[in-house]
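These notes are about the structure you will find just below.
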Amino acid sequence: MNAQHQPTGSAYFIEKETETRETHTLSVLVDNEPGVLARVIGLFSGRGYNIESLTVSETEHEEHLSRITIVTRGTPHVLEQIKSQLERIVPVHNVRDLTVRARELGHDKPLERELCLLKVRGKGEHRMEALRLADAFRAQVIDANIEHFIFEITGRVSKIEQFIATMKPLGLIEVCRTGVAAMNRGIDS
């Protein structure tokens, strides 16, 4: 193996990185038809790129268009490759790097939100503490019985991560997250 290559866990070898890796949020507008998501995901997996978050939903019903929001991480060169390769997939209408656009608008990053459901044990002394902390995080109780709670929380990814970490010692049972939904500020799309 060449000294300039490092194994990655994929079938491909990636050049040793001299640039720092960045996390970017991409918005991909696609035709809402069978197989499109598989083709987009196949592009990532086939080249050894990782997806940290993925959300998909039809956004324009009459035109049958869906928006795929992908959070991925890589060097600027790798991120450019990803965008270029996504644009070549036939049912893709456009690819926007929301992170780059946010910086152009003078913001750190795009507006990003996530929804999370958490199931937490709710017995004994931890019951009141779980409710108190949920209130502090503005999480809603959407189901409860004498043994557990299910909380719903919406917010920045960092807020979700902090809430999950806070609930672990109280008896976190299960977590379900939607993935990031993102949009840039301003009048432009």
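The values are calculated or read from the model by the stated rules, or taken from the named source; none is laboratory data. Not measured: the values here are computed from a predicted model. Counting neighbours? That spans all protein chains shown, and the Cβs are built from the backbone with ideal geometry, glycine included.
Points to keep in mind about this one:
- Restricting the first member to region 154-165 and to residues that are assigned by TED's automatic domain parsing to the domain that holds residue 118, and the second to residues that are loosely packed, with under 14 Cβ neighbours inside 10 Å, the beta-carbon pairs closer than 8 Å and six or more apart or on different chains are 155/138.
- Restricting attention to region 137-173, the residues being of a type in the set (Lys, Arg), in a loop (DSSP other than H, G, I, E, B) and either within 17 Å of residue 121 (Cβ to Cβ) or within 17 Å of the chain's Cα centre (by Cα) (or both) number 1.
- Residue satisfying condition, being surrounded by fewer than 16 Cβ atoms within 10 Å (Cβ to Cβ), at pLDDT 90 or above and assigned by TED's automatic domain parsing to the domain that holds residue 21, within set 58, 62: 58
- Subset tally (residues that are within 19 Å of the chain's Cα centre (by Cα) and part of a strand (DSSP E or B)) for region 63-90: 9
- Filtering region 103-136 to residues that are acidic (Asp, Glu) and either crowded, with 18+ Cβ neighbours inside 10 Å or outside any loop (DSSP other than H, G, I, E, B) (or both) leaves 104, 112, 114, 125, 129, 135.
- Residue satisfying condition, being surrounded by 14 or more Cβ atoms within 10 Å (Cβ to Cβ), more than 16 Å from the chain's Cα centre (by Cα) and part of a strand (DSSP E or B), within set 30, 100: 30
- Against the conditions (1) under 20 Å from the mean Cα position of the chain (by Cα); (2) of a type outside the set (A, V, I, L, M); (3) over 30 Å from residue 42 (Cβ atoms); (4) at pLDDT 95 or above, residue 116 satisfies every one except (3).
- Region 34-43, subset touching a strand residue (DSSP E or B) at 6+ places or on another chain (Cβ under 9 Å) and farther than 18 Å from residue 81 by Cα, residue surrounded by the fewest Cβ atoms within 10 Å (Cβ to Cβ): 37
- Residue check for residue 14: modelled with pLDDT of 90 or more and of a type outside the set (Ser, Thr, Tyr): no
- Residue list for region 83-97, restricted to those being of a type in the set (Lys, Arg) and either over 16 Å from residue 24 (Cα atoms) or exposed (fewer than 14 other Cβ atoms within 10 Å of the Cβ) (or both): 88
- Any hit, region 173-180, residues being surrounded by fewer than 18 Cβ atoms within 10 Å (Cβ to Cβ), aliphatic (A, V, I, L, M) and under 22 Å from residue 55 (Cβ atoms): yes
- Exclusive hit being touching a His at 6+ places or on another chain (Cβ under 8 Å) and closer than 30 Å to residue 108 by Cα, set 185, 138, 156, 177: 185
- Checking each residue in region 44-55 for being surrounded by 15 or more Cβ atoms within 10 Å (Cβ to Cβ) and in a helix (DSSP H, G or I) picks out only 44.
- Criterion: in contact (Cβ under 8 Å) with a residue 24 or more places away in the chain, within 25 Å of residue 55 (Cβ to Cβ) and more than 20 Å from the chain's Cα centre (by Cα) - qualifying residue of 93, 107: 93
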